[in-house]
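A.B. asks: So that we are looking at the same thing, I have put the structure below in structure tokens.
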Amino acid sequence: MPTKQGVTFQAIMQDLKNRNFAPFYLLMGEESYYIDTISDYIASHVLLPEECDFNQTICFGSDVTAVQVTDMAKRYPMMAEFQVIIVKEAQNIRSLEALEGYLKKPVKSTILVWCHKNGKIDTRKKVIGLAQAMGVVFESKKLRDYQLPEFIQNYLKSKKATIDPKSCQMIANHIGSDLSRIVSELDKILIYLPNDNRRVTPDIVENEIGVSKDFNAFELRNAIVSKDIFKANQIIKYFDNNPKAGSLYSFLPLLFSFFQNLMILHYTPNKSSEQDIARALDLNSTWGIKDLITGLKNYSARKTMDIISKIREVDGKSKGLDNPYTGAGELMKELIFYVLH
């Protein structure tokens, strides 16, 4: 297999499905979902079930040393093309000297998977260069809030299902960036979907995940866009009584993204069509542009700039900066009042 460096999750999975294997996979980073998905696929698909007893070893970093792992890796498979060794929680292995020695002359019939979670190995260490020279090095990064809807859409697409933008945002805002939990909830929804209508709607999200289709961060954003003070206050009151339904922490990125785009549009010369606006903001589609057009009418450039400053201030206070007493609920009310008045 050719050397892989800085590859994407999708590229690795495609190579694995094509049975194009590397002798070593260094999977590291903050996002455990991608690390688990890659290592689980290798565990389930490289060997036939009858080959696994003698040729597949799954161990944990707290139970083994690098010397023990590399000793196993130097063995040859028994009546199989490959031997698979997966080291989970490999961040618990302190000394990597033996691994460095092994990577200088790896056994080609061994597929060694090193799962280093909750961070990454210092790129200046010798083991990184050796791994890049003969295997796959993949850093699994946490997705940012704005990337979650695309993740949800792509996951459902891979399961031959679709989802509307509102439902997508409802799930992203409710669950946050825990990809494993998002996938778990999506799998639950997929079981519910009938074969003849594989589309996720707000009603389905409400029934299966428990997110209100009328009182959520997405609807609060819409109320702010249209300056619907009554609806915004209704949602804030609902959040007060149902803390799990919405929080300042999930809402701030959504609101900041909207007003940031609005600020750009205020100083964009050509915004006469939805396509012009999509190009100015580097958007993949024109969905949501009607909200921005409404926002341009309801919020001046000066007010938009003031709102962005207020969001930054509230974000700092929510993290304890110059704010020893005010809770997240009160900060949210303060922010919404400022935006709408």
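A.B. asks: Which one is farthest from Phe259 (Cα to Cα) among residues in the stretch 294-329 that are surrounded by 14 or more Cβ atoms within 10 Å (Cβ to Cβ) and of a type in the set (A, V, I, L, M, F, W, C)?
C.D. replies: Of everything passing the filter in the stretch 294-329, Ala328 is farthest from Phe259 (Cα to Cα).
A.B. asks: Report the residue count in the stretch 132-142 for those that are within 19 Å of the chain's Cα centre (by Cα) and surrounded by fewer than 17 Cβ atoms within 10 Å (Cβ to Cβ).
C.D. replies: 2
A.B. asks: Let me ask you something else. So which helices (runs of 4 or more DSSP H) are wholly in the stretch 234-341 and hold at least 2 residues that are modelled with pLDDT of 90 or more? Lay out the reasoning, then the answer.
C.D. replies: Values: elements: 248-266, 274-280, 289-298, 301-318, 328-340.
Result: 248-266, 289-298, 301-318, 328-340.
A.B. asks: Quickly run through the stretch 146-167 and pick out the residues that are more than 13 Å from the chain's Cα centre (by Cα), buried (at least 21 other Cβ atoms within 10 Å of the Cβ) and within 24 Å of Phe259 (Cβ to Cβ). Break it down stepwise before answering.
C.D. replies: Residues of the stretch 146-167 that are more than 13 Å from the chain's Cα centre (by Cα), as a first pass: 156-167.
So of that shortlist, the ones also buried (at least 21 other Cβ atoms within 10 Å of the Cβ) come out as 156, 163, 167.
If the condition is that a residue be more than 13 Å from the chain's Cα centre (by Cα), buried (at least 21 other Cβ atoms within 10 Å of the Cβ) and within 24 Å of Phe259 (Cβ to Cβ), then Ser167 is the only one that fits.
A.B. asks: Sticking with this one: How about the stretch 200-222: which of its residues are surrounded by fewer than 20 Cβ atoms within 10 Å (Cβ to Cβ), acidic (Asp, Glu) and assigned to a helix (DSSP H, G or I)?
C.D. replies: Across the stretch 200-222, the qualifying residues are Asp203, Glu206, Glu208.
Residue-by-condition table, conditions (1) open to solvent by 50 Å² or more (accessible area, probe 1.4 Å); (2) more than 23 Å from His341 (Cβ to Cβ); (3) aromatic (Phe, Trp, Tyr); (4) out of contact with any helix residue (DSSP H, G or I) (no Cβ under 9 Å at 6 or more places or on another chain):
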position: Ala232; (1), (2), (3), (4): no, no, no, no
position: Asn242; (1), (2), (3), (4): yes, yes, no, yes
position: Phe251; (1), (2), (3), (4): no, no, yes, no
position: Leu254; (1), (2), (3), (4): no, no, no, no
position: Ile277; (1), (2), (3), (4): no, yes, no, no
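A.B. asks: Hey, does the stretch 101-112 have a residue that's of a type outside the set (Gly, Ala, Ser), touching a residue at least 12 places away in the same chain (Cβ under 8 Å) and on the phi > 0 side of the Ramachandran plot? Talk me through it step by step, then tell me what you get.
C.D. replies: Our first condition is that a residue be of a type outside the set (Gly, Ala, Ser); within the stretch 101-112, this holds for 102-108, 110-112.
From what's left, touching a residue at least 12 places away in the same chain (Cβ under 8 Å): 102-104, 106-108, 110-112.
Next, only the ones that are on the phi > 0 side of the Ramachandran plot stay: none.
No, the conditions are met nowhere in the stretch 101-112.
A.B. asks: Continuing with the same structure: So which residues in the stretch 17-76 are farther than 19 Å from Ser109 by Cβ, without any contact (Cβ under 8 Å) to a residue 40 or more places away in the chain and charged (D, E, K, R)?
C.D. replies: Answer for the stretch 17-76, where residues must be farther than 19 Å from Ser109 by Cβ, without any contact (Cβ under 8 Å) to a residue 40 or more places away in the chain and charged (D, E, K, R): Lys17, Asp40, Asp63.
A.B. asks: Then there is this: Val225 - would you say it is open to solvent by less than 70 Å² (accessible area, probe 1.4 Å) and closer than 14 Å to Ile152 by Cβ? Spell out the reasoning first.
C.D. replies: Working: open to solvent by less than 70 Å² (accessible area, probe 1.4 Å): yes; closer than 14 Å to Ile152 by Cβ: no.
Against the criterion (open to solvent by less than 70 Å² (accessible area, probe 1.4 Å) and closer than 14 Å to Ile152 by Cβ), Val225 does not qualify.
The values are calculated or read from the model by the stated rules, or taken from the named source; none is laboratory data. These figures come from a predicted structure and were not determined experimentally. Please note: Cβ atoms are built from the backbone with ideal geometry, for glycine as well, and neighbour counts cover all protein chains shown. Surface accessibility is based on the protein's heavy atoms, side chains included, excluding ligands, DNA and RNA. Shrake-Rupley method; radii C 1.70, N 1.55, O 1.52, S 1.80 Å.
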